[in-house]
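All remarks here apply to the structure that follows.
The values are calculated or read from the model by the stated rules, or taken from the named source; none is laboratory data. Fair warning: this is a prediction, and the values are worked out from it, not measured in the lab. Here the Cβ is made from the backbone with ideal geometry for all residues, glycine too, and neighbour counts use every protein chain on show. We work out accessible area using only protein heavy atoms, side chains counted, and drop any ligands, DNA or RNA first. Shrake-Rupley method; radii C 1.70, N 1.55, O 1.52, S 1.80 Å.
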Amino acid sequence: MDKKTLGVLEFNKIVEMLVSSASSNIGKEIARSVLPLKETETVRGMLKETSDAVSYIVKKGSPPIGGLHDIRGSLKRAEVGSALTPRELLHISDVLRTTRRVKDYTKGIDVEREASLSDGNIISELASSLESNRRIEERIAYSILGEEEIADDASSTLKSIRRKIKELQESIKDRLNSIVKSSAYQKYIQEPVVTIRAERYVIPVKQEYRNEIKGMVHDSSASGATIFIEPMAVVEANNDIKQMKIKEQVEIERILRELTDEVVGILPELKSNIEILSRVDFIFAKAKLSLELECICPSLTKDRKIRIRRGRHPLLSKEVVVPIDFWTGEEFTSLVVTGPNTGGKTVTLKTVGLFVLMTQAGLH
């Protein structure tokens, strides 16, 4: 199909509507590449999958595809031995959850009894090929709280390290609070608070009294009136915290490596799932567009004829557009459209042309 024809008939605008109906970026990617095809059986199959998806939406509502991420890059990184980030692992967990929910969504509904679905439902067939893994899905979700936050319970070692860090922090804050609230040091302290500079607990001291409190200077205020000192009494405890923080990071990296290895163990299933789910999302995008525009599934014929009953141009408001009846190829093979220059003839011709393109693209 030449680009000029597609442009004149505004097929690109239909594609844009289709893209906006998809839930995921990978579903949108497929929608963006849609073109009219010529093979009758291929087109028939594409129309049927749209009808199958419409049947599901009518009976069960829209499918649960909200957690479908494009994890293909992450899977490639895992395959070559890279440890995945918390964000990547969370996205994989989301995809596994979406896989499970889509499988559940397609259960418990007798779509096969629909007359139009007598030869099997394509959505059901696709869903049956999905491989869920609730153990890995939940282990990732249990271990990772956010894109940069690993849960304390991700491992007993991590939990122990963080408990020790917290104890050290509380001990340091107690000792520093006793200094800032002491009457002996009151005139030296700018504010009776304990704060953090360079990941170490410090107290704010007035510049003119910097030599009255022995310790390490880590920072100063913008005006220079305040300096932040780490008293010698807590230097060793702060060092202990730093060492524990290093151990914490080592344990986090071990956990991420372990979770990545779990993902590597199901790489074939994940690759297949993402391919199937992206197609399912695309098919349901076609169905959503069908329902939004109040479309019907066209019947294909090998005869050179077209019959349209009360057809509305899909890009015009259905409140104002005038439906048309159009047929050719039966008693006659040529049709002359006449009338005053008010736009009706052009709309009629574009409606026929666009309907043909939509049909060949598997759209209602």
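Annotations for the structure displayed:
A quick yes/no check of all residues on (1) over 25 Å from residue 151 (Cβ atoms); (2) open to solvent by less than 70 Å² (accessible area, probe 1.4 Å):
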position	(1), (2)
250	no, no
255	no, yes
259	no, yes
264	no, yes
271	yes, no
281	yes, yes
285	yes, yes
289	yes, yes
295	yes, yes
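- Exactly one residue out of 47, 96, 68 is touching a Pro at 6+ places or on another chain (Cβ under 9 Å) and either part of a helix (DSSP H, G or I) or open to solvent by less than 30 Å² (accessible area, probe 1.4 Å) (or both): that is 47.
- Flag if residue 216 is more than 30 Å from residue 90 (Cα to Cα) and in contact with an Asp or Glu (Cβ under 8 Å, 6 or more places away or on another chain): yes
- In region 299-320, residue least open to solvent (accessible area, probe 1.4 Å) [restricted to those that are more than 24 Å from residue 49 (Cβ to Cβ) and aliphatic (A, V, I, L, M)]: 316
- Test: residue 59 is assigned to a loop (DSSP other than H, G, I, E, B) and touching a residue at least 24 places away in the same chain (Cβ under 8 Å): no
- First in region 35-53 and touching a residue at least 60 places away in the same chain (Cβ under 8 Å), second anywhere and outside any loop (DSSP other than H, G, I, E, B) and charged (D, E, K, R), Cβ under 8 Å, 6 or more apart: 49/286; 50/286; 53/286
- Near pairs, Cβ below 8 angstrom, 6+ apart or cross-chain, from region 325-351 (touching a residue at least 12 places away in the same chain (Cβ under 8 Å) and open to solvent by less than 60 Å² (accessible area, probe 1.4 Å)) to any residue that is in a loop (DSSP other than H, G, I, E, B) and small (Gly, Ala, Ser): 328/334
- Count of region 205-244 residues which are over 22 Å from residue 171 (Cα atoms) and polar (S, T, N, Q): 6
- You will find that of 125, 137, the residue that is surrounded by 14 or more Cβ atoms within 10 Å (Cβ to Cβ) and either touching a residue at least 12 places away in the same chain (Cβ under 8 Å) or within 38 Å of the chain's Cα centre (by Cα) (or both) is 137 and no other.
- Boolean, residue 40 is crowded, with 16+ Cβ neighbours inside 10 Å and either touching a Lys or Arg at 6+ places or on another chain (Cβ under 9 Å) or polar (S, T, N, Q) (or both): no
- Flag for residue 199 being closer than 26 Å to residue 162 by Cβ, exposed (fewer than 12 other Cβ atoms within 10 Å of the Cβ) and either modelled with pLDDT of 90 or more or out of contact with any Phe, Trp or Tyr (no Cβ under 9 Å at 6 or more places or on another chain) (or both): yes
- Of residues in region 1-34 being among the small types (Gly, Ala, Ser) and touching a residue at least 40 places away in the same chain (Cβ under 8 Å), the one most open to solvent (accessible area, probe 1.4 Å): 23
- The lone exception for residue 148 - which of (1) of a type in the set (Asp, Glu); (2) more than 20 Å from residue 250 (Cβ to Cβ); (3) open to solvent by 70 Å² or more (accessible area, probe 1.4 Å) it fails: (2)
- Out of 347, 352, 356, 336, sole residue that is more than 19 Å from residue 31 (Cβ to Cβ), hydrophobic (A, V, I, L, M, F, W, C) and assigned to a loop (DSSP other than H, G, I, E, B): 336
- Failed item in (1) closer than 23 Å to residue 50 by Cβ; (2) under 31 Å from the mean Cα position of the chain (by Cα), with residue 259 passing the rest: (1)
- Residue match in region 312-324 (condition: within 30 Å of residue 30 (Cβ to Cβ) and among the polar types (S, T, N, Q)): yes
- Region 168-192: number of residues that are surrounded by 13 or more Cβ atoms within 10 Å (Cβ to Cβ) and closer than 17 Å to residue 238 by Cα: 9
- For region 328-346, a residue qualifies if it is more than 19 Å from residue 316 (Cβ to Cβ), out of contact with any Lys or Arg (no Cβ under 6 Å at 6 or more places or on another chain) and small (Gly, Ala, Ser), and exactly one does: 334.
- Once region 71-84 is narrowed to residues that are part of a helix (DSSP H, G or I) and over 14 Å from residue 276 (Cα atoms), the residue that is most open to solvent (accessible area, probe 1.4 Å) is 76.
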